[in-house]
């Protein structure tokens, strides 16, 4: 990975400084939050839309903020070495820092819409980071998939948040969190729940929206550690926890979270064991953790929520550490394949130690925090009112599988005998890359030995925030006496070690099983192809490139709309009064009809133009018969000009081809006739209404005394409505200019 | 006061004449830039006046309304003129690098400025027939611009464009005739009052539908949008940018004007139709885009799709929805024009417009990547860019009106928009160029690069500003929408105080 020898300069250092400063800031906020419960700051943003940059710092958001900025600091430090000298490091650092700030904004927002804004910012930065390897099709595909799946969920969620805000009458969480009973009784509760969960489940990769997450591992390893394990994917979990006081407590909430969480946890655990790529295995264990967290958020008991709060921290610590360890292994040996790696402990002792400590926490061995987390999980599962055995069973199975995976990922590569040659001779990673795993691993042990450090600072207040202050946090302790959770723990160790012992044949079995199962990731490309196929079909149908069909559709729309409106609004003209009919009238009508038919049925374009000219002359004659000779002269002049110009244009523009046209077009005849009849009917209906002569009267009276012109029409043209005339002159001039340009540019182009 | 209303029309016309006279030299292009800068000043003055004093009107030739022609500006007209001036300035600067001397000699700058004059005239006129005249000015000027290169595909697109638009023009004219026959007036404020006295309200609805179709063609709604994707990918990039930004929006503006000011008598019928039109326009446009691979064809179909959102704002016909429509109009013009400008730079340095045959921009032209991602993600509705607020307001309005289905469609179309924008991003920017080429901005001569990037950068900055500080824009849109829903001030400004 490491390219050149140059460092990353400011782009390397600045993100570390920013995240460290933020971490220290949040650390300093612990006493305040522990004392007061929740701090709220309100900044104006878009008051017209009830959107504010208001911030809320309580146990839940502080826990997240510390994880984000703390792990962020370590990841920034790590990345600076991991991608040392990479030509695109500056933008990488920019995206990663932007992501961190967006994520902080997400967990600190008190305003639902502001929260959504930050939510989407994490989506975009995640997209850009997954696509870091942008020249490979796999990188681009994974980036799009993540964006599309989480983006779809986010849009549903937006609708849900709007409805929630309307139901509560406020977009501020401070208000919404107090309104649980009202919201749960609201007519839109179910819609709100479904829409919000769509956002949360896609973001936190719950089955069946999980498939994007393993693919997101196309990103560089520090990104996977930070976004796709420790922080961003927990945004969905965060949202569910955040809205727990408002939305939880109904059957719909309980069952959707319990089932989605349990299925995700168990499915992901098996899937994790079936992987040979260490990073992929870790990706699935992340899924398992997300499922478990979701499962516990479905519940109401103090144990379940305490388990959630604890496991949230446990998981972030060990999972970030293990991802970074895998990055070190990859960095040092050039491979992440479980069956290739071995015997690394000798060359990478510090990495091995950090890995071991994290793995023990992950596997849930005492005295690590993971053990406490696991005990609480069992306590929480048993406290589930409705189906304790289902929940406890799911937790037990996934925990045992986790233990086996911990062994595969963090134990075996270091301690088993080296059987195959490695791509590169292993060596210890530089200190900035070791700092993260080591510190995180030590914290896992530290908190396990002194759980009070977490209890009073974060866990109590987190539980309070998630339950809305209804429930006290349960106590975090290593030894709680011999009880059911302990027995289940022992069962987990036995089962887990057993699974680890047989994990290789088991893996082959699982691989064969999953190969036969429906893979949503496999369907993804088919889905995109279907979208493309539908689009292409639609476009071929509508936008087929033929002017004739465009015109037909346009006229048909006119006919259907006008005719339909007449029917809908019952507009029908009375039969018009026909006055004296003279032979000359009939002759003119016949002339017009004849011209129309000629234009419609001729094979020659020039004849068609001439036919239309005949129609125009007929219209001029109508003007003459009804006493408007000046209009008739204008009409004759225009008509002659049009015929000549169109004829010339047709001679000059031979590339108007006639492909696909036939001479007999009954459909067009019908359409034209119907349209003409409809417009005539409308016209007759309009003529029934008396004409308001205000304007005419004014023009006639004002023409001479005020505008000094005897010819009213002329005065209208040059004075009353001079602006129209000015515009029309511009039209004529521009038409001439355009025609000139056309003739100039197409000259010599004739075939 | 009348000069302040006439300036936005007079300035571009004068610019056109001067630019035409100077078309043999470089002075022409700089005159165009100066003229558009002057237009911007005039538009700002106009906007300031309307903001402070309310609706203003001027009677051309001194003939009182409804006998002469009235120019009138409310907040919607004012902001449309302002955004036209901004677009005009950006595109005229961009043209410094984009338009070759041959096109200049054939009168590019004159045509361009006449087009701008026509657009401003359409936004400012208070007279229905005069609006028709401005439509004609726009149509002929845009046709001239479209065929200026003389390439066969330009002629082909131009003919489809002009033919279908002529159908719209004829319908518009027929509608004017019918409406005049029923009311005896052409002045829009006068019409607003006169239609109330029309006995046969059903017939009025029928006539309203002729206007809906006529402006529907102009706005490129389903199923009348054929001319747009047929033509917009063919002319010079400056031309397609100004078309993309402004032309369809004049149609949308006219629809909003007519169906708030005059035809608000049967909203249960007319606005329900508009709602379905909006839905189909959004969906067919976005699917059309998904099927394309040419940079500008993708963008063209997206214009159609986005028009649907604006029509939706009109169709819902609530204060919030009209706020959304106004906000959407302004946001969209900036973003869409800019994307076409970017397509031009991309074509210059990658040598192609089919996104599957170009690439490498992210790696070797990162500045362009930044400039693209701002309008592209804004168009896709990502926060905190302008498009998010536009979409948010519309969707919120739809949900408030209990339009569950239409809100769902609007959101789903947003997702498909993301899909198209990321297609351009993934193929043209992320993917390596299939020819192994490393497209760099420095491949363009400095004299071209600087103005083109300046224009793009300016519009992108505006998008970011609207996104980060939306409050003044929302407040503005709220006042504009209030004026639309209660046209009393508009009518009073045109016809004088009642009594």
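Exactly one condition in (1) within 12 Å of another protein chain (Cβ to nearest Cβ); (2) farther than 20 Å from residue B:460 by Cβ; (3) out of contact with any helix residue (DSSP H, G or I) (no Cβ under 6 Å at 6 or more places or on another chain); (4) without any contact (Cβ under 8 Å) to a residue 60 or more places away in the chain is not met by residue B:377; state its number.
It is condition (2) that residue B:377 fails.
Can you give me the number of residues within segment A:223-278 that are assigned to a loop (DSSP other than H, G, I, E, B), under 30 Å from residue A:471 (Cβ atoms) and at pLDDT below 95?
4
Per-residue answers, yes or no, for (1) within 14 Å of another protein chain (Cβ to nearest Cβ); (2) surrounded by 13 or more Cβ atoms within 10 Å (Cβ to Cβ); (3) touching a strand residue (DSSP E or B) at 6+ places or on another chain (Cβ under 9 Å):
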{"position": "A:493", "(1), (2), (3)": "no, yes, no"}
{"position": "A:500", "(1), (2), (3)": "no, yes, no"}
{"position": "A:516", "(1), (2), (3)": "no, no, no"}
{"position": "A:519", "(1), (2), (3)": "no, no, no"}
{"position": "A:540", "(1), (2), (3)": "yes, no, no"}
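Please tell me if residue A:77 is buried (at least 22 other Cβ atoms within 10 Å of the Cβ), more than 14 Å from every other protein chain (Cβ to nearest Cβ) and closer than 21 Å to residue A:324 by Cβ.
So residue A:77 fits the description; yes.
Any chance segment B:155-164 includes a residue that's at the interface with chain A (Cβ under 10 Å from one of its Cβ atoms) and touching a strand residue (DSSP E or B) at 6+ places or on another chain (Cβ under 7 Å)?
no
Consider segment B:49-101. How many of its residues are in a loop (DSSP other than H, G, I, E, B), surrounded by fewer than 22 Cβ atoms within 10 Å (Cβ to Cβ) and away from every other protein chain (no Cβ under 14 Å)?
1
From the set of residues in segment B:46-66 that are modelled with pLDDT of 90 or more and out of contact with any strand residue (DSSP E or B) (no Cβ under 8 Å at 6 or more places or on another chain), which is farthest from residue A:725 (Cα to Cα)?
B:52
Considering only residues that are closer than 29 Å to residue B:156 by Cα and in contact (Cβ under 8 Å) with a residue 24 or more places away in the chain, look in segment A:542-574 and name the one that is surrounded by the most Cβ atoms within 10 Å (Cβ to Cβ).
Checking each candidate, the answer is A:558.
Quick one: in segment A:118-147, of everything that is touching a residue at least 60 places away in the same chain (Cβ under 8 Å), surrounded by fewer than 23 Cβ atoms within 10 Å (Cβ to Cβ) and at the interface with chain B (Cβ under 9 Å from one of its Cβ atoms), which residue is nearest to residue A:200 (Cα to Cα)?
Step by step, filter segment A:118-147, then rank; the result is A:141.
Only one of B:438, B:483 is under 30 Å from residue B:58 (Cα atoms) and either within 14 Å of another protein chain (Cβ to nearest Cβ) or surrounded by 20 or more Cβ atoms within 10 Å (Cβ to Cβ) (or both). Can you tell me which?
Going through B:438, B:483 in turn, just one is under 30 Å from residue B:58 (Cα atoms) and either within 14 Å of another protein chain (Cβ to nearest Cβ) or surrounded by 20 or more Cβ atoms within 10 Å (Cβ to Cβ) (or both): B:483.
Looking at this structure, is residue B:250 within 11 Å of another protein chain (Cβ to nearest Cβ) and under 30 Å from residue A:569 (Cβ atoms)?
No: the conditions fail for residue B:250.
Which one of A:678, A:689 is closer than 30 Å to residue A:596 by Cβ, more than 9 Å from chain B (Cβ to nearest Cβ) and touching a helix residue (DSSP H, G or I) at 6+ places or on another chain (Cβ under 6 Å)?
On inspection, the qualifying residue turns out to be A:678.
Report, by residue number, each residue of segment A:13-47 that is crowded, with 17+ Cβ neighbours inside 10 Å and within 14 Å of chain B (Cβ to nearest Cβ).
Passing the criteria: A:45, A:46.
Regarding segment A:320-342, can at least one residue be identified that is touching a residue at least 24 places away in the same chain (Cβ under 8 Å), closer than 30 Å to residue A:245 by Cβ and crowded, with 24+ Cβ neighbours inside 10 Å?
Yes: segment A:320-342 contains one or more residues that are touching a residue at least 24 places away in the same chain (Cβ under 8 Å), closer than 30 Å to residue A:245 by Cβ and crowded, with 24+ Cβ neighbours inside 10 Å.
Condition check ((1) under 21 Å from residue B:325 (Cβ atoms); (2) without any contact (Cβ under 8 Å) to a residue 40 or more places away in the chain; (3) touching a strand residue (DSSP E or B) at 6+ places or on another chain (Cβ under 7 Å)) across all residues:
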| position | (1), (2), (3) |
| --- | --- |
| B:69 | no, no, yes |
| B:76 | yes, no, no |
| B:93 | no, no, no |
| B:105 | no, no, no |
| B:141 | no, yes, no |
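Let me confirm something: among B:184, B:177, which residue is free of Cβ contacts under 8 Å to residues at least 24 places away in the same chain and on the phi > 0 side of the Ramachandran plot?
The conditions single out B:184.
Of everything in segment B:180-193, what is surrounded by fewer than 24 Cβ atoms within 10 Å (Cβ to Cβ), outside any loop (DSSP other than H, G, I, E, B) and at the interface with chain A (Cβ under 7 Å from one of its Cβ atoms)? Give them in sequence order.
B:181
Working only within segment B:4-18, note down all residues that are over 16 Å from residue B:126 (Cβ atoms) and either facing another protein chain (nearest Cβ under 10 Å) or surrounded by fewer than 18 Cβ atoms within 10 Å (Cβ to Cβ) (or both).
B:10, B:13, B:14, B:16, B:17 - these are the residues of segment B:4-18 that are over 16 Å from residue B:126 (Cβ atoms) and either facing another protein chain (nearest Cβ under 10 Å) or surrounded by fewer than 18 Cβ atoms within 10 Å (Cβ to Cβ) (or both).
Restrict the check to segment B:441-463 and report whether at least one residue is touching a residue at least 60 places away in the same chain (Cβ under 8 Å) and within 14 Å of another protein chain (Cβ to nearest Cβ).
The answer is no; no qualifying residue exists.
Out of segment A:702-725, which residues are in contact with a helix residue (DSSP H, G or I) (Cβ under 7 Å, 6 or more places away or on another chain) and assigned to a loop (DSSP other than H, G, I, E, B)?
If the condition is that a residue be in contact with a helix residue (DSSP H, G or I) (Cβ under 7 Å, 6 or more places away or on another chain) and assigned to a loop (DSSP other than H, G, I, E, B), then A:703, A:707, A:709 are the ones that fit.
Any idea which of (1) in a helix (DSSP H, G or I); (2) on the phi > 0 side of the Ramachandran plot is the one residue A:106 doesn't satisfy?
Against the list (1) in a helix (DSSP H, G or I); (2) on the phi > 0 side of the Ramachandran plot, residue A:106 comes up short only on (2).
The values are calculated or read from the model by the stated rules, or taken from the named source; none is laboratory data. Because the structure is predicted, anything quoted here is derived from the model rather than measured. A quick note on method: Cβ atoms are made from the backbone with ideal geometry, for glycine too, and the neighbour counts reach across all protein chains shown.
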